[in-house]
1. Go through region 116-163 and give me each residue that's under 18 Å from the mean Cα position of the chain (by Cα) and β-branched (V, I, T).
2. So how many residues does region 451-473 have that are assigned to a loop (DSSP other than H, G, I, E, B) and buried (at least 21 other Cβ atoms within 10 Å of the Cβ)?
3. Tell me yes or no: at least one residue of region 331-340 is within 16 Å of the ligand (Cβ to nearest atom) and under 14 Å from P407 (Cβ atoms).
4. Given the conditions (1) more than 13 Å from the ligand (Cβ to nearest atom); (2) within 20 Å of G212 (Cα to Cα); (3) of a type in the set (A, V, I, L, M, F, W, C), report the number of the one that I169 does not fulfil.
5. In this structure, does A149 turn out to be modelled with pLDDT of 95 or more, in a helix (DSSP H, G or I) and in contact with a strand residue (DSSP E or B) (Cβ under 9 Å, 6 or more places away or on another chain)?
Amino acid sequence: MTVYTPPGSADSTIEVKGQYENFIGGDWVPPVKGEYFDNITPVTGQVFTRVARGTAEDIDKALDAAHAAKDAWGKTSITERSNILLKIADTLEANLEDIAVIETWDNGKAVRETLAADIPLAVDHFRYFAGAIRAQESGNTEIDNDTVAYHFHEPLGVVGQIIPWNFPILMGVWKLAPALAAGNCIVLKPAEQTPWSILKVMELIGHLLPAGVLNVVNGFGVEAGKPLASSPRIAKIAFTGETTTGRLIMQYASQNIIPVTLELGGKSPNVFFDDVAAQDDAFYDKALEGFSMFALNQGEICTCPSRALVQKGMYAKFVPDAIKRVEAIVQGNPLDTETMMGAQASNDQFEKIKSYLDIGREEGAKVLTGGEVVDLGGDLSGGYYIQPTVFEGTNKMRIFQEEIFGPVVSLTSFTDEEEALSIANDSLYGLGAGVWSRSAHTTYRMGRGIQAGRVWTNCYHQYPAGAAFGGYKASGIGRENHKMMLDHYQQTKNLLVSY
Ligand code: NAD
């Protein structure tokens, strides 16, 4: 067991400055208007630093730097770009422990997760796209004896990227790695709730890229995000965040006729069939673990399995066993490696989740476990802690239909496959889903029938770089991860040559 000391404290090796600037053109640049905003750690609810409050003027500066770097970066050889990505991965890996603590302090998530998942996945992502760009094929076609169609990949140029607060580093890297590999320059705007960890990463990796290739401007949505997303100087906008914001991003992009990638909200069904309980074996145990995964990252995951559907034949056995598993989740100091569930990322999010605990009760759902906030005492008293909560109800309730984005699962039962599919698809969203059964026929049929971009089958919450990820319906447009992402950051040039 390790309990890390808070960054910036006397015994921590992690430096926290009084204020942080934007990273533009390879330098730390103060905001044009000279304003800074408070960065609060959700671990204690205290302000721990201040960060540049970027505006349209700072976005413009960053776009200037990106455009100045664009031609040279776009012409670097694939080998060179690939090697730089590998160096970035090595640097992140060499500093993994510190970066994990930094992410925990900024976001509130348990350090055991940042150590084991967030940062290793970020490292792997850079390595994956370093390899993918080398292996990319262009496909030339012999049209007839005298005519050949040659295809070339070209970078888009300068792209905008806007990310949320739930996985500040990983959501950033999901966007950065393919865009850089494909030869684009970037202006990235992190979320205002978690601006610090990406800046700490830039302190480590900024010098590995030519000046202006990757620029980070912090600030609020309308003040900094909108000028970026609506700028006629970007060739694409990639956005992860709420569905309501995604609609605005599409509107801005339509003015400039540029492509969008939207990774938006979710309300993912996790479906458990009777045969799961056929034996009390490792498979049954894995399924119980799969049920409890709604609490991973404090439920602040777009694919949170926030609707559990359990078949009637095993309901009386499975549900009490699943509740026991949920009640064994250790809540505590996020900097303690024993802690399984940390703090919600911000006070706003904390209040939003609390309001849904009230809504669930008001609409008649039964609390099977949890349902309360937690006071962890001492310095942690000011942090944002909520119990993992299981509601039992019906799919028409708001707690089944609306994204809570917290450690709350809404549980209901079903009779057969047809009903399970109909409940699973009765949602505005279509991002993730889980299906659990010992029958390959059942999992295949359900997996194909559920309208979602990712259906985990007898597992949940793995995010390998090589598996395409993205939403159906209001959960988004486009995909992330997988080598197909390179296409999303490139133009295809065709030379049709007559010999
Ligand atoms: P949000 O939409 O409020 O903010 C996301 C980002 O957009 C922030 O950087 C914010 O500053 C910026 N923004 C806000 N308004 C803007 C505007 N008008 N123009 C330009 N930028 C603007 O979302 P959030 O609360 O930070 O994140 C939570 C949401 O993200 C949830 O709905 C979650 O499901 C979703 N999410 C989706 C995925 C996915 O891959 N599909 C992954 C993580 C999170």
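The values are calculated or read from the model by the stated rules, or taken from the named source; none is laboratory data. Computed from a predicted structure; not experimentally measured. So basically every Cβ, Gly included, is an ideal-geometry build from the backbone, and we count neighbours across all protein chains shown.
1. I119, V123, I162, I163 - these are the residues of region 116-163 that are under 18 Å from the mean Cα position of the chain (by Cα) and β-branched (V, I, T).
2. Here the count works out to 6.
3. Scanning region 331-340 turns up no residue that is within 16 Å of the ligand (Cβ to nearest atom) and under 14 Å from P407 (Cβ atoms).
4. Of the numbered conditions (1) more than 13 Å from the ligand (Cβ to nearest atom); (2) within 20 Å of G212 (Cα to Cα); (3) of a type in the set (A, V, I, L, M, F, W, C), the odd one out for I169 is (1).
5. So A149 does not fit the description; no.
Yes/no per residue for (1) touching a strand residue (DSSP E or B) at 6+ places or on another chain (Cβ under 8 Å); (2) within 12 Å of Q298 (Cα to Cα); (3) not assigned by the TED database to the domain that holds F294:
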| site | (1), (2), (3) |
| --- | --- |
| N333 | yes, no, no |
| M340 | yes, yes, no |
| S346 | yes, yes, no |
| E351 | no, no, no |
| G364 | no, no, no |
| V373 | yes, no, no |
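Each row is one residue, and each column tells you yes or no for (1) closer than 26 Å to G470 by Cα; (2) in the same structural domain as V409 (by the TED database); (3) aliphatic (A, V, I, L, M); (4) surrounded by 23 or more Cβ atoms within 10 Å (Cβ to Cβ).
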{"position": "A235", "(1), (2), (3), (4)": "yes, no, yes, no"}
{"position": "T244", "(1), (2), (3), (4)": "yes, no, no, no"}
{"position": "Y252", "(1), (2), (3), (4)": "yes, no, no, no"}
{"position": "A278", "(1), (2), (3), (4)": "no, yes, yes, no"}
{"position": "P320", "(1), (2), (3), (4)": "no, yes, no, no"}
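Quick grid of which residues meet (1) of a type in the set (D, E); (2) in the same structural domain as A295 (by the TED database); (3) out of contact with any strand residue (DSSP E or B) (no Cβ under 9 Å at 6 or more places or on another chain):
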residue	(1), (2), (3)
A10	no, no, yes
P31	no, no, no
K61	no, no, no
S82	no, no, yes
D90	yes, no, yes
A116	no, no, yes
